[in-house]
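Novice: The structure is given below, and queries will be raised subsequently.
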Amino acid sequence: AGTYDFAALEAKWLPVWEEQELFRSGRPGDTRPRKYVLDMFPYPSGDLHMGHAEAFGFGDVSARYWRHQGFDVLHPIGWDSFGLPAENAAIKRGADPREWTYTNIAQQKASFRRYAPSFDWSRELHTSDPEYYRWNQWLFLKLYEQGIAYRKDGKVNWCPVDQTVLANEQVIDGHCERCGAVVVKKDLTQWYFRVTDYADRLVDDLNQLEGAWPQKVLSMQRNWIGRSSGADVDFEIEGRDERVTVFTTRPDTLYGATFMVVAVDSPLAAELAGGASDEVQRRFADYLAEVGAETDIERLATDKPKTGVFLERYAINPLNGERLPIWASDYVLADYGHGAIMAVPAHDQRDLDFARAFGLPVRVVVDVNQPVTGVIPVIPTDDEGNPVLPDDLPPLDPASTGTALTGEGRLINSGPLDGLSKSRAIHRAIEVLAERGTGRAAKNYRLRDWLISRQRFWGTPIPIIHCPDCGEVPVPEADLPVRLPEAKGLDLAPKGSSPLGAAEDWVNVSCPTCGGAAKRDSDTMDTFVDSSWYYLRYLNANDETRAFDPVEAEKWAPVDQYVGGVEHAILHLLYSRFVTKVLFDLGYLSFTEPFTSLLNQGMVLMDGSKMSKSKGNLVEFAAELNQHGTDALRVTLAFAGPPEDDIDWADVSPVGSAKFLARAWRIAGEVTSSPQVEWKTGDRALRRVTHRLLADAPGLIESFKFNVVVARLMELVNATRKTIDQGPGAGDAAVREAAEVTAMVLDLFAPYTAADMWQRLGYDTPVALVPWRKADSALLVAEQVTAIVQVDGKVRDRLEVSPKISTDELESLARGSAAVARAVGEREIANVIVRAPKLVNIATRR
Ligand code: ANZ
Ligand code: ZN
C-alpha cells in the first residue's frame, strides 16, 4: 500500500489547502455557530522555535476540533512586530528595524505554512503596519478624551542600558525585564493610562474566569493588583494646619501606635524636615541622598537594618490624643498609600525592627494568647476548682523577643475596643473614627497607572502635538495615522530621548488648533498597547474606516479559547482586560472580559533545562521539521503529556510518532470495503474501540487532555491492525469505520496524514470539515458474558461478567455466590478449576 513519506504528503496537500482556503471564517451566509480560537501572536525575532510549535500546535487542536463539531471557527494569525529587539538588532547590524522585522515575518510565515495551523490568512495583521497602528492612535485619542490617557511628571523606572522608561510590570525584582540591568528612578514627564481607575473591576471580574483560566494566572493577577482593605486615618500634626492621612490595614491597632513614619522621599517629609533644626535638616538631606539609589525591593526588605531620621515633629493619635514622634525612613514608600504610616511596633515586624533600632516604645494591644474562635474553651482546673493556666503561653513581649505579634487575639489597652476580636475591632475602630470625622474605611492597591511612553523609535507615535500656545493638542482623527518617519538618517542608538525628536521634518508641524509652529510628541507607545486590543482587529483586519466593527465583535468576541505562554500572565492579560473594559464603557463592546478560556502551555525543555543558544542545547524547529515532518512533530508535542506541563525534548520520540502515523496511513490504503458499506455488519469488538474514542474525545479535548486522545488513537490503530491481520480482515466494515474515524480525529494533530488517509478511503471532500461522528450508545455499554459455575458437575449459578475478567477475580466471584455456598454446604472444597471468562468448576471432598 505504498510507503509513508511525510515530505511527499506535505508537498501534495499544502498547495491544495491554500487553493481551497478551507479555514476562511465568516463567509457571507455561513449559518454555523461561531467559535473564536486565538493563539498569542508571535514576535518576529527570527524563525519560529519549538515553543511556537507547541503553542500553535495546541491552539490548532482546539480550532480543528470545533470545526469538526460544526462551528465556523475564527482562527487568525498576525505579528506583534513593533518593539525593542528589532530596534536593537537593527542598531547592531546597522540595518533598518523595518527591514529586519518584515524579513523575519516572511521567514516565520513560510514555516507556519508548512506547520499548517488552520489559520484564516485573510485576516493577517502586523502591528507595525500603519494600517494597524493608526488604530492604536485612535485608541489613544479615545482614552485621552476620557481623561484615561494623561501626562504627568513623576519618578519613573529607567533602564540605563536600553535607555528607556519601563512600566512597573517590566521591572522584575528591580531589574529590566529585557536586558537585566538594574533599573533606576528618574524624573520624567510621561504618558500614562489610568488603569488604577479600573482596579476594583480588574479584581472582581476575575471571578467570571474562575475555572476557565489557570488558577495560577488568576492569583498572579490578583496579587499584581494587590487590593487591600483597611482604613484611612487622619492625624493632626503639631504646628501644621492640614492633617496627615495614613493608610492602615489594621485600624484595630491604633492604640498601639507609638510613632509615625513618613517616606523619606515624599514631599511631606521634605516639608516637615524644613521646620526642624539645622542639624536635623542636614541629617535628613544626607539620608535622602543615601536612599535615592535604592530599589523598592531593597527598601521593603525585612532583613535590612532599619534606618531613619527623627524630624523633631509630632502627630496626635486621633483616638487617645497621644503625641507620636514623626520619623522619616526608607521602609515607607512614597507612592504607596499616602506615603506615611502609623507605626505599631508590637504588631508589625518592620515597625518593631525600627522601634528596636531607635529605642522607641512598644505597646501590645492585641493579646494573641486569648482565644477568639467564639467557642468557650474548657479551662483545666485544680482540685479546688481554680483555673490552671498553661505556663507555656508565649510572652506578650515583642520588644524583647524581637518578634511582632501578628496573629489573631483579643484587644487590650485599647479603650472602647478592649475585649473585641481583631476582625470585630477593625470594624469598630472604623466606626469610631468615622463618628469622630477622623478616618474612614479605605482600600489600597499595589497597581499603578500604566506608563506607556517609550523613548524609542520602533513603535506607534503618540498622536499629540505640543504647541507653545495651546499646550497638548490631540492630532485630529482625520490626520491619522501619524506615520513613523524613515529610519534612514536617524540615529537610533539609545540616548535617553526619542530618536524621533531628531527627525526635523517629522517633528516640526503646525498646531492643528492655532496653526502656529508646534512639535509632535516624539515618544512611541509601549508595544503592550498594540497587543491589548489586537484580538478585535482580527474581526475586520482590512477595514480602513475603523479599528474594529462592533457588529463583528458581537458575533465573534470574546475569544472562546486563548492559548499562550504563562509569561504573559500579568502584563498582556491585564492590559487587554483593562482596554476591553474601557471599550465596554465607551459602548463599543457588550462584554467585559476578552478571553473566556485560557490555556497556558508548558515549556519545551532539553535535558531538563531551558533551551538556549549559549547552553548549546537548542533544538531548532526548522531542523526538527526537516527531519521528522510537521505531523510527527505535532503528534509528539501533543502526546508528550498534559499541555500545561513542560516537555523535555530529550524524553520524547518523534521517530515513534512517525511510525504510528505510518501505521495509520497504511491501514487507510488496505481498506477494501466501499464507503457505502453498512457499519452495523462490522466486527463488534473493533467498533466498540472506535465508538469509545468518538464518545470520549470531545470531553478530553475540551479539558485539554490532548495526550490522552493521541493515546486512544494509537489504541484504535492497533486494534484495527489486529482486526485486519488476525480477525475478519481488511474488508470488514468495522475496519473502514475505524480508519475513517482515525483520519477524522487525526486531523487535529496530523493534518497531512489525515487528509491523505481520507483521500485513500475514497473521499474527495476535505477531512478537516468532516462532521464529528456520533458515538453509537449501544456500543458503549460494557460488554458482559455469562460465566457458568458448577459444583460437583452441576450448574449452580450463572454470573454476568466482563469478558476480560481475570481468573482470580472470577474464582472469588464464584466463591462468593450464595447459590454456590448453599450447594457446597458444610463440605470442604477440594479443587477449583477456572476457565475465565466462561466457566468455574468446583469439586468438594466427599
Ligand atoms: C498599621 C499596622 C499595624 C499595619 C499592623 C500593619 C500591621 P498592604 O497589605 O500591603 O496594603 N503601609 C501603608 N502604607 C505604606 C507605605 N507607603 N510604605 C510601606 N508600608 C506602608 O499593607 C498595608 C500596611 O502596610 C499598612 O497597615 C501599613 O502598616 C503599611 F499591626 O498600619 B499598617
Ligand atoms: Zn496652538
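Novice: Between region 266-311 and region 481-520, what is the separation of their alpha carbon centroids in Å?
Specialist: Using only Cα atoms to place each centre, the spacing works out to 41 Å.
Novice: Tell me, what is the 1.4 Å probe accessible area of Ile412, in Å² to the nearest 10?
Specialist: Ile412 exposes around 40 Å² with every protein chain in place.
Novice: In region 567-604, whose amide N lies under 16 Å from the spot 7 Å out along Cα-to-Cβ of Lys615? List them in ranges.
Specialist: Residues passing the 16 Å test: 602-604.
Novice: If packing is taken as the mean number of other Cβ atoms within 10 Å per residue, what is the order of 765-775, 634-644, highest first?
Specialist: 634-644, 765-775
Novice: Step through the table entries Lys555/Lys774; Lys186/Lys519; Lys35/Lys555; Lys659/Lys722; Lys186/Lys443; Lys109/Lys659, compare each Cα-Cα distance with 18 Å, and write down the pairs that go over it. Don't skip to the end; give the middle numbers.
Specialist: On the way: Lys555/Lys774 28 Å; Lys186/Lys519 24 Å; Lys35/Lys555 9 Å; Lys659/Lys722 16 Å; Lys186/Lys443 28 Å; Lys109/Lys659 28 Å.
Beyond 18 Å: Lys555/Lys774; Lys186/Lys519; Lys186/Lys443; Lys109/Lys659.
Novice: Among 223-235, 339-351, 158-170, how do they line up by average Cβ neighbours within 10 Å per residue, starting with the highest? Mind showing how you got there, number by number?
Specialist: Working: 223-235: 17.8, 339-351: 24.2, 158-170: 20.1.
The densest-packed peptide leads the list: 339-351, 158-170, 223-235.
Novice: Express in whole angstrom the spacing between the alpha-carbon centres of region 98-173 and region 34-66.
Specialist: So the separation of the two Cα centres works out to 18 Å.
Novice: How would Lys185, Lys306, Lys613 rank on accessible area, largest to smallest, probe 1.4 Å?
Specialist: The most accessible residue leads, giving Lys613, Lys185, Lys306.
Novice: Relative to the longest principal Cα axis of the chain, at what angle does helix 422-435 sit, 0 to 90 degrees, rounded to 10?
Specialist: Orientation of helix 422-435: about 40 degrees from the principal axis.
Novice: To the nearest 10 square angstrom, what accessible area does Thr596 show with a 1.4 Å probe?
Specialist: 60 Å²
Novice: Using a Förster distance of 41 angstrom, determine the FRET efficiency expected from the C-beta separation of Val795 and Val655, and round it to 0.05.
Specialist: The value I calculate is 0.15.
Novice: Leaving ligands, DNA and RNA out of it, rank Ile829, Ile462 by accessible area with a 1.4 Å probe, largest first.
Specialist: I get Ile829, Ile462, largest accessible area first.
Novice: On a 0 to 90° scale, report how tilted helix 733-746 is relative to the longest principal axis of the chain, with both axes built from alpha carbons and the result rounded to the nearest 10.
Specialist: Its long axis makes an angle of about 20 degrees.
Novice: Decide, for region 573-673, between rounded, prolate and oblate: order the square roots of the alpha carbon gyration tensor eigenvalues as a ≥ b ≥ c, take rounded if a/c falls under 1.5, and otherwise choose prolate if a/b is larger than b/c, else oblate.
Specialist: Verdict is oblate for region 573-673.
Novice: Considering Cα pairs under 8 angstrom that are at least six residues apart, work out the relative contact order of the chain and quote it in whole percent.
Specialist: For the chain, the relative contact order is 14 percent.
Novice: Sticking with this structure for a sec: With point charges of +1 on the Cβ of Lys and Arg and -1 on the Cβ of Asp and Glu, referenced to the Cα centre of region 569-701, which listed residue (Phe660, Phe639, Leu694) lies farthest in the positive direction of the dipole?
Specialist: Leu694
Novice: So if I take the centroid of the Cα atoms in region 614-628 and the same for region 425-468, what is the distance between those two points in Å?
Specialist: 47 Å
Novice: Using only the alpha-carbon atoms, how far is helix 621-639 inclined from the longest principal axis of the chain? Give it as 0 to 90 degrees, nearest 10.
Specialist: The helix 621-639 is inclined about 80 degrees to the chain.
Novice: Please turn the phi angles of region 584-595 into ³J(HN,Hα) values with the Karplus equation 6.51 cos²θ - 1.76 cosθ + 1.60 (θ = phi - 60°), one per residue in order, whole Hz, x for glycine and proline.
Specialist: Values per residue, Gly and Pro as x: 5, 4, 7, x, 7, 10, 10, 10, 10, 10, x, 10 Hz.
Novice: Given axes a ≥ b ≥ c from the Cα gyration tensor, I'd like to know whether region 29-169 is rounded (a/c under 1.5), prolate (a/b larger than b/c) or oblate.
Specialist: oblate
Novice: I've got another one for you. Place a +1 charge on the Cβ of each Lys and Arg in region 592-731 and a -1 charge on the Cβ of each Asp and Glu, then give the dipole magnitude about the Cα centre in debye, rounded to the nearest 20. The partial results should precede the final answer.
Specialist: Values: 16 positive and 17 negative charges, 112 e Å.
Computed about the Cα centre, the dipole is about 540 debye.
Novice: Ok, one more. Assuming a ≥ b ≥ c are the square roots of the Cα gyration tensor eigenvalues, decide whether the chain counts as rounded (a/c under 1.5), prolate (otherwise, with a/b larger than b/c) or oblate.
Specialist: Numbers: a/c = 2.78, a/b = 1.36, b/c = 2.05.
Oblate.
Novice: Sorted by mean Cβ packing within 10 Å, highest first, what order do the peptides 267-274, 686-693 take?
Specialist: Top of the packing list down: 686-693, 267-274.
Novice: While we're on this one: In whole percent, what relative contact order does region 70-188 give with Cα contacts below 8 Å and a gap of six or more residues? Intermediate results must be reported in sequence, preceding the final value.
Specialist: Numbers: 110 pairs, mean separation 24.4, N = 119.
Computed value for region 70-188: 21 percent relative contact order.
The values are calculated or read from the model by the stated rules, or taken from the named source; none is laboratory data. Just so it is clear, the structure is predicted and the values come from calculations on it, not from any experiment. As a convention, Cβ positions derive from the backbone with ideal geometry for all residues, glycine included, and neighbour counts pool all protein chains shown. Just the protein is used for accessible areas: all its heavy atoms, side chains included, with ligands, DNA and RNA removed. Shrake-Rupley method; radii C 1.70, N 1.55, O 1.52, S 1.80 Å.
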